[in-house]
Amino acid sequence: MTRLKSFLCLSALLAAAPAAELPPGFAETRIATGLNPVTMTFAPDGRLFLCEKQGLLRVVAGDKLLEKPALDLTAIVDSWNERGMLGVCFDPDFQKNGWIYIYHTHNRDRGDKSHRSSNNRVSRFTMKGDSADPASEKIILEIDNLSKTGWHNGGGLAFGKDGKLYISTGENANGANAQDDGNLLGKVLRLEKDGSIPRDNPYDGKFGGKNRAIVALGLRNPFSLAVRNDGLMYINMVGANFEQIERYDTAARPEPVNYGWPDLDGPPKKNAKLPPDYRAPEYAYDHGAGRGVALCSGDFYQPASPGADAFPAEFAGRYFFGDYAGWIKCIDPAKPSERMDFASGIDRALDVKIAPDGALWYIERGGKPGGSDDANSESKNGTLWRVRWTGEGRSDKPSAEKSAPVLIGLKFPATAEGDLPATLSATGIFTDRKLTPRAGVVPYFLNGTVWADGAEIRRWVALPDGGKAGFAPTGGYTWPGGTVFVQQFELPAGRRLETRVLVLDATGAFGYGLSYRWRTDGSDADLVPAEGRDEPVEIAGRSQTWTHPSRGLCYMCHTPGGGFVIGAKTSQLNGSYEFVKAKPENQLLVWDRLGMFDPRPDAKSISGYAKLSAISDTAAPLETRVHSYLDANCAHCHRPGGTGAGWDARFETPLAGQGIVGGEVRNNFGIAGAQIVVPGNLEKSILYHRMSAANPAERMPPVTSNAPDTVSLEFIKSWIEGLRPGPRGDR
């Protein structure tokens, strides 16, 4: 890995290359590159200490990255996926005792390739100059052993106003851990400097052993902590559909708090069941309207000794926070609902810290996109930046929002922050209540079965004027900016439930989603609020909940790693369907005749392209139907570079190479010998367990589904029971 050298010419080159788009009056300098960074903290003397994931603690002094690490724990640190050296903080008496505290994933057996021989640990070391003495290590806390899952490790460390050490831990991608008082996962912990448990902790005498350290439950992945001078602590939590800043007071008598995960994500909906001691988020934003991916860090603007580079007085007390989507924003804790944009265009913003002199520093992680094990494990081009106030070019006049409409004649803004149509009729998609599509809105059909809680789905696509879809025999297509996809959900009896719209941005590779809820009289459909809503429905004789998704929920399935557009691809479109009550015709040929492709498909080759089959199509082999079902419902996450577990659901990947039959699981849900699919054994097949689970926290698919697909499960059951043991599960 390359390191920043102290040559003047290279330093000048680095400083000249901008990263973020900043407000007028601010400028930035690149301090170091070639990093594998995670988090950082300032020492009282102004030095910056930065954690590199593989186990190195680096020091920046005088705006220079020192060549020699302050501490090297690479021999014992497990840095796979989201594990590694995750946090550092300084003792309140650091200038006297030299103590620093490190949160890291300790690997007890480096020969264990299953990733099960690790746990997160907090240790204390003594600094001497710019180095920490490895022999001075005092283990403060051993956190519970980790499963094979590499996600959600937490890593927050901070001293409160009360002089106690606060630690935030992740739930190891098992939501049940967050509410379990028998472990330390998914919690906020409170300890003395030596690791002993304060007697005034709220659960002292109620929880057993080291679990008495718990002061708060119900957290998913609390990545970092920040404490204001008066003791207010903000917990930066990576949520599922909402990113959340949680609040805890370290100046008051410690109180029990429950932040609600996994049953609650984001602000609680009306009539939600709240756990005892529940506390709602101080501030939350979803992945749609909030344009977020993961809330990784934040810091209060309270510089100890402001200098010439300090920000203007209007920023005093504000809370700056960064999101992995690539931006930094800030809020006023007195009015947290009001958010101000600060920086954008960052390649995966990780940590944000305020220096004693008032400059803002941030980490740009870089690395690979997506949420795969490989992408999460390492970055080789992480960068450290320093932002200062110059006052040059500042204007007190607000800039106009750039929000040009998409070029398809439909009435959608370029982004979800624009003026959204309040009703479906106002979008211009349909010309009447019969859902007659306007000219240029083309119906399409999918070969594979997509489960939607028993509702029937109709689909349309509209390309912008002159836009073409980039055809590909396998994999996804490329789409022109401004493309709009429409899905209509109806009950089998004909009652209209919802119309969902996906609007692609100017790149064609991202965008936003909207949902319109139909009125009971069928006269129109109204825009669902950004937070979504649930309603009771009757489907196939059963009462259940229908979820109108929040705008952020769209990004759980429509991910960049999955191609953003999910269903419209050759294997799903390659079939004959009846268009406008005419003779059935191959859908790819219809699209080609309409001029929708560039490049165009070879008409003679279409019959040889792979195609999915409906799960109930008994004319196709059972394995093909199951293979198709997994592609249609799972492949947007379960794929290389995706955010799902380590198996590949794509139809073009042969079953033997998918890692499904005999595949290892990250969470066995207490089932001994569980695998993704165990030939002939339903009880040990986690695929079947998750698809049939009554518990929403365990069921797959994980979003908008409130009932299992019992009809398709019968076919999947027959397939699993018909498999014979072997490397391929041969019949």
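The values are calculated or read from the model by the stated rules, or taken from the named source; none is laboratory data. Just so we're clear, the structure is a prediction, and the values are computed from it rather than from any experiment. Cβ coordinates were reconstructed from backbone atoms using ideal geometry, including for glycine residues, and neighbour counts include every protein chain displayed. Accessible surface is based on the protein model in full, side chains and every heavy atom, while ligands, DNA and RNA are left aside. Shrake-Rupley method; radii C 1.70, N 1.55, O 1.52, S 1.80 Å.
Sub-6 Å Cβ pairs linking a first residue in the stretch 445-456 that is of a type in the set (F, W, Y) to a second residue that is in a loop (DSSP other than H, G, I, E, B), at least 6 apart or interchain, are W451/D709, ordered by first then second residue.
Annotation for the stretch 596-607: no member residue is under 15 Å from L446 (Cα atoms), modelled with pLDDT of 95 or more, open to solvent by less than 20 Å² (accessible area, probe 1.4 Å) and not basic (K, R). Closer than 25 Å to S607 by Cα, open to solvent by 20 Å² or more (accessible area, probe 1.4 Å) and in contact with a helix residue (DSSP H, G or I) (Cβ under 8 Å, 6 or more places away or on another chain), is that true of T478? For T478, the condition - closer than 25 Å to S607 by Cα, open to solvent by 20 Å² or more (accessible area, probe 1.4 Å) and in contact with a helix residue (DSSP H, G or I) (Cβ under 8 Å, 6 or more places away or on another chain) - is not met.
Whenever a residue of the stretch 302-326 is on the phi < 0 side of the Ramachandran plot, its partners that are among the β-branched types (V, I, T) and modelled with pLDDT under 95, lying with C-beta atoms within less than 7 angstrom and at least six residues away or across chains, give the pairs D323/V293; Y324/V293; A325/V293. Evaluating L435 against the criteria (1) under 28 Å from A540 (Cα atoms); (2) open to solvent by 50 Å² or more (accessible area, probe 1.4 Å) leaves one unmet condition, (2).
One residue is enough: does the stretch 47-68 have a residue meeting the conditions small (G, A, S), surrounded by fewer than 23 Cβ atoms within 10 Å (Cβ to Cβ), in contact (Cβ under 8 Å) with a residue 12 or more places away in the chain and in a strand (DSSP E or B)? Yes; the residues of the stretch 47-68 include at least one that is small (G, A, S), surrounded by fewer than 23 Cβ atoms within 10 Å (Cβ to Cβ), in contact (Cβ under 8 Å) with a residue 12 or more places away in the chain and in a strand (DSSP E or B). Residue check: is F579 among the hydrophobic types (A, V, I, L, M, F, W, C), open to solvent by 10 Å² or more (accessible area, probe 1.4 Å), touching a residue at least 24 places away in the same chain (Cβ under 8 Å) and not in a helix (DSSP H, G or I)? So F579 fits the description; yes.
Identify, from the list D162, D181, D133, D204, the residue that is touching a helix residue (DSSP H, G or I) at 6+ places or on another chain (Cβ under 7 Å) and open to solvent by 40 Å² or more (accessible area, probe 1.4 Å). Walk me through it before giving the result.
Details: D162 fails: touching a helix residue (DSSP H, G or I) at 6+ places or on another chain (Cβ under 7 Å); D133 fails: touching a helix residue (DSSP H, G or I) at 6+ places or on another chain (Cβ under 7 Å); D204 fails: open to solvent by 40 Å² or more (accessible area, probe 1.4 Å).
Just a single option satisfies the conditions, and that option is D181.
Residue-by-condition table, conditions (1) polar (S, T, N, Q); (2) out of contact with any strand residue (DSSP E or B) (no Cβ under 8 Å at 6 or more places or on another chain); (3) under 20 Å from G170 (Cα atoms); (4) at pLDDT 95 or above:
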site: S196; (1), (2), (3), (4): yes, yes, no, yes
site: R220; (1), (2), (3), (4): no, no, yes, yes
site: G239; (1), (2), (3), (4): no, no, yes, no
site: F242; (1), (2), (3), (4): no, no, yes, no
site: E282; (1), (2), (3), (4): no, no, yes, yes
site: Y285; (1), (2), (3), (4): no, no, yes, no
site: G288; (1), (2), (3), (4): no, no, no, no
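For the residues V77, V38, V122, V59, the requirement of being under 28 Å from the mean Cα position of the chain (by Cα) and within 28 Å of R388 (Cα to Cα) singles out V38.
Looking at this structure, is R121 of a type in the set (D, E, K, R), at pLDDT 95 or above and closer than 25 Å to Y166 by Cα? Lay out the reasoning, then the answer.
Details: of a type in the set (D, E, K, R): yes; at pLDDT 95 or above: yes; closer than 25 Å to Y166 by Cα: yes.
Spelling it out, R121 is indeed of a type in the set (D, E, K, R), at pLDDT 95 or above and closer than 25 Å to Y166 by Cα.
Taking the stated definitions as given, is G508 at positive phi, of a type outside the set (S, T, N, Q) and assigned to a loop (DSSP other than H, G, I, E, B)?
Answer is yes for this residue.
Each residue in the stretch 533-576 was checked for being free of Cβ contacts under 8 Å to residues at least 60 places away in the same chain and in a loop (DSSP other than H, G, I, E, B), and 1 pass. Can you pull out every residue in the stretch 190-211 that is part of a loop (DSSP other than H, G, I, E, B) and farther than 21 Å from D249 by Cβ? Result: D194, G195, S196, G205, G208. Scanning the stretch 20-38 for residues that are farther than 24 Å from S224 by Cα and of a type in the set (S, T, N, Q) yields a single hit, T29.
Here are some residues: G298, G382, G366. Which one is free of Cβ contacts under 8 Å to residues at least 24 places away in the same chain, small (G, A, S) and either in contact with a strand residue (DSSP E or B) (Cβ under 7 Å, 6 or more places away or on another chain) or under 25 Å from C637 (Cβ atoms) (or both)?
After applying the criteria, what remains is G366.
Do we find a residue being assigned to a strand (DSSP E or B) and of a type in the set (K, R) anywhere in the stretch 330-341? Yes, the stretch 330-341 contains at least one residue that is assigned to a strand (DSSP E or B) and of a type in the set (K, R).
Considering only residues in the stretch 710-721 that are charged (D, E, K, R) and touching a residue at least 24 places away in the same chain (Cβ under 8 Å), the one that is surrounded by the most Cβ atoms within 10 Å (Cβ to Cβ) turns out to be K717. Residue check: L350 meets all listed conditions (1) within 22 Å of T33 (Cα to Cα); (2) crowded, with 23+ Cβ neighbours inside 10 Å; (3) at pLDDT 95 or above but one, namely (3).
Regarding R724, is this residue surrounded by fewer than 16 Cβ atoms within 10 Å (Cβ to Cβ), in a loop (DSSP other than H, G, I, E, B) and out of contact with any Cys (no Cβ under 8 Å at 6 or more places or on another chain)?
yes
For the stretch 168-180, filtering for residues that are at pLDDT 95 or above and touching a Lys or Arg at 6+ places or on another chain (Cβ under 8 Å) leaves 5. Per the conditions (1) in a loop (DSSP other than H, G, I, E, B); (2) open to solvent by less than 50 Å² (accessible area, probe 1.4 Å), the sole criterion not satisfied by M233 is (1).
Here is a yes/no grid of residues against (1) among the polar types (S, T, N, Q); (2) modelled with pLDDT of 90 or more; (3) open to solvent by 40 Å² or more (accessible area, probe 1.4 Å); (4) under 26 Å from the mean Cα position of the chain (by Cα):
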{"residue": "T483", "(1), (2), (3), (4)": "yes, yes, no, yes"}
{"residue": "Q487", "(1), (2), (3), (4)": "yes, yes, yes, yes"}
{"residue": "G513", "(1), (2), (3), (4)": "no, yes, no, yes"}
{"residue": "T520", "(1), (2), (3), (4)": "yes, yes, yes, no"}
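Screening the stretch 496-511 for residues that are more than 19 Å from the chain's Cα centre (by Cα) and without any contact (Cβ under 8 Å) to a residue 60 or more places away in the chain and picking the one that is most open to solvent (accessible area, probe 1.4 Å) gives T507. Do we have any residue at all in the stretch 531-541 that's within 20 Å of E243 (Cβ to Cβ) and open to solvent by less than 20 Å² (accessible area, probe 1.4 Å)? Yes, because at least one residue in the stretch 531-541 is within 20 Å of E243 (Cβ to Cβ) and open to solvent by less than 20 Å² (accessible area, probe 1.4 Å). Among the conditions (1) within 30 Å of V293 (Cα to Cα); (2) at pLDDT below 95, R459 misses just one, which is (2).
Considering each of G170, G186 in turn, give the residue that is closer than 17 Å to H104 by Cβ and open to solvent by less than 10 Å² (accessible area, probe 1.4 Å). Show your work before the answer.
Numbers: G186 fails: closer than 17 Å to H104 by Cβ.
Sole residue among the options that is closer than 17 Å to H104 by Cβ and open to solvent by less than 10 Å² (accessible area, probe 1.4 Å): G170.
Do you know which of the residues in the stretch 614-653 that are among the polar types (S, T, N, Q), open to solvent by 30 Å² or more (accessible area, probe 1.4 Å) and at pLDDT 90 or above is farthest from the chain's Cα centre (by Cα)? The extreme case among them is T618.
Screening G367 with (1) modelled with pLDDT of 90 or more; (2) at positive phi gives one miss only, at (1).
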